Structure formats: structure tokens, C-alpha cells
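The values are calculated or read from the model by the stated rules, or taken from the named source; none is laboratory data. Just so it is clear, the structure is predicted and the values come from calculations on it, not from any experiment. Please note: Cβ atoms are built from the backbone with ideal geometry, for glycine as well, and neighbour counts cover all protein chains shown.
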């Protein structure tokens, strides 16, 4: 997507670390079972180092990526009724 955006903010690292250590609500990182996705993420999914794109170009890359995921068996095509 073509365009520039700038956002500035201060991040309180100590407060973030405190939250991660103590929060019981909405602290889902410890519950993630990332090991089940290891094989899927061994190779890139979205091609890296692409130039900025408009929506149509990104849509073409998206379609190719979905086809690649289907060929690898990560995604399954809908049934043909």
C-alpha cells in the first residue's frame, strides 16, 4: 500500500514488563501453542522485500500466496457442490 505514516509515542518498558509478569486478563502470550505452527512458518508465506504496492498489485500477490498455501496443503479449497 503506497503512502507514509508517522506515529510517535513513549513506551514504558518497565510497565510493560510488569504487566506481562502479573496480568491474568488478556495476557494470552503464555497460552500460545506456537510449536504447532513451526512447520508452516519454516518458509516465508508472504514474499519478502516487495516494493510498495497499490491494492490491485497486493491482491495479485495475495491470490498467488493462497494458491501456494493450497498447493502445500496448509489451506484446503472449498468443496465443489
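I'd like the full set of residues that are surrounded by 11 or more Cβ atoms within 10 Å (Cβ to Cβ) and either without any contact (Cβ under 8 Å) to a residue 12 or more places away in the chain or in a loop (DSSP other than H, G, I, E, B) (or both), limited to the range 69-81. The answer is 70, 72, 74, 75. Candidates are the residues of the range 26-43 that are part of a loop (DSSP other than H, G, I, E, B) and surrounded by 10 or more Cβ atoms within 10 Å (Cβ to Cβ); the one that is nearest to the chain's Cα centre (by Cα) is 40. Residues in the range 44-66 that are part of a loop (DSSP other than H, G, I, E, B) and without any contact (Cβ under 8 Å) to a residue 40 or more places away in the chain: 8 in all.
Against the test of being under 21 Å from the mean Cα position of the chain (by Cα) and either surrounded by 10 or more Cβ atoms within 10 Å (Cβ to Cβ) or modelled with pLDDT of 90 or more (or both), the options 58, 23 yield a single qualifying residue, 58.
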